[in-house]
Amino acid sequence: MGTTGTVMRELRGAQKTAKGVSLYSRYVNRPAGRVLAAGAYRIGMTPNQVTLLSAVFTFSAIASVALVRPSWGLAVLVWGGLVVGFALDSADGQLARLTGRGGPDGEWLDHVVDCAKMILVHTAVLISFRRFFDLPSEGWLLLPLGFLFAAVLTFCAGLLREQLGKAQPGRTQPGGARPAGAGAPSVAGGTAAPVSRLRAVALLPADYGVFCLVFLLLGDPTAFRLGYAVLAAVHALFLVMFLAKWFRELRSLRTAD
């Protein structure tokens, strides 16, 4: 087992492409995940154990949203739990690439946890709205359901895009897709095209790490409700854009035959 510095250098060398990744994931979440992956490696954790630890932090924070009355203290705790869970979600993949211990079981577990947190976080917001918020009208209860629909459809459509693209052997793909975290699609492609900083900025509103920031507003119910509504609208817009993009890419694979 090498020194921490050696492990960090190896992790940087095993990093995935930055294409299709927002600035938050590139400069905040991945580096944080790298530190956590190095720590996990030093104490002998497996990638699957890191995934489960990520689930503990994430689901504890989500449960707090549903069960505890909103306050500024809760806001910080929920945000912290979600952010640490997201960083650990990056760490498990980095640890798997470092140790060569990744496999279908680990990828499956990672996707299951990602899908579960997407469903539960918006369900928790719905419960919190119903229990603790003085809403202008009950129509606001539809907002978390709409956000949930957009997040899950983006996640599932992105995974299908990736898998169907892989099913075309011997061809350079025009672009892959794996939703990053809970609702932020990553449109990673080949290695030939340069990384676009403009695109990385444009993807910020769809990044799960940016979504976590809205929970810092839980101390002010009106600010949280409006911030959550803005992000819901942005994610709905991204859903339409990504569905159109992925459909065109998959159709190009068929017409190229």
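The values are calculated or read from the model by the stated rules, or taken from the named source; none is laboratory data. Bear in mind the structure is a predicted one, so any value in this text is a computation, not a measurement. Glycine gets a Cβ as well: all are built from the backbone with ideal geometry, and neighbour counts include every protein chain shown. Surface areas here come from the heavy atoms of the whole protein model, side chains and all, with no ligands, DNA or RNA. Shrake-Rupley method; radii C 1.70, N 1.55, O 1.52, S 1.80 Å.
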Can you name the condition, by its number, that Gly20 falls short on among (1) under 27 Å from Val201 (Cα atoms); (2) modelled with pLDDT under 90; (3) in a helix (DSSP H, G or I)?
(3)
Kindly indicate the residue of region 75-89 that is over 11 Å from the mean Cα position of the chain (by Cα) and without any contact (Cβ under 8 Å) to a residue 40 or more places away in the chain and also surrounded by the most Cβ atoms within 10 Å (Cβ to Cβ) among those meeting that condition.
Gly81
Six or more apart or on different chains, Cβ atoms under 6 Å: show the pairs whose first residue is in region 28-45 and of a type in the set (A, V, I, L, M) and whose second is surrounded by fewer than 24 Cβ atoms within 10 Å (Cβ to Cβ) and in a loop (DSSP other than H, G, I, E, B).
none
When Phe155 is run through (1) open to solvent by 40 Å² or more (accessible area, probe 1.4 Å); (2) in contact with a Cys (Cβ under 7 Å, 6 or more places away or on another chain); (3) hydrophobic (A, V, I, L, M, F, W, C), the failure sits at (1)
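Only residues that are among the aromatic types (Phe, Trp, Tyr), surrounded by 13 or more Cβ atoms within 10 Å (Cβ to Cβ) and over 18 Å from the mean Cα position of the chain (by Cα): list them for region 227-257, please.
Trp246
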Here the qualifying pairs (Cβ atoms under 6 Å; residues six or more apart or on different chains; first in region 125-150 and assigned to a loop (DSSP other than H, G, I, E, B); second open to solvent by 40 Å² or more (accessible area, probe 1.4 Å)) come out as Phe133/Pro221
Residue count, region 203-226 (criterion: open to solvent by 20 Å² or more (accessible area, probe 1.4 Å), in contact (Cβ under 8 Å) with a residue 12 or more places away in the chain and in a helix (DSSP H, G or I))
8
Would you mind telling me which numbered condition in (1) under 21 Å from the mean Cα position of the chain (by Cα); (2) surrounded by 15 or more Cβ atoms within 10 Å (Cβ to Cβ); (3) under 18 Å from Leu217 (Cα atoms) Phe129 fails?
(1)
Taking region 25-35 as the region of interest, how many residues are under 17 Å from the mean Cα position of the chain (by Cα) and modelled with pLDDT of 90 or more?
7
Out of Leu53, Leu95, Leu120, Leu142, sole residue that is open to solvent by 40 Å² or more (accessible area, probe 1.4 Å), over 26 Å from Thr222 (Cα atoms) and among the aliphatic types (A, V, I, L, M)
Leu53
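Which of the residues spanning region 35-84 are part of a helix (DSSP H, G or I) and closer than 16 Å to Gly102 by Cα? Explain how you work it out, then say what you get.
Just the residues of region 35-84 that are part of a helix (DSSP H, G or I), to begin with: 35-42, 47-67, 72-84.
Ala37, Ala38, Ala40, Tyr41, Pro47, Asn48, Gln49, Val50, Thr51, Leu52 - these are the residues of region 35-84 that are part of a helix (DSSP H, G or I) and closer than 16 Å to Gly102 by Cα.
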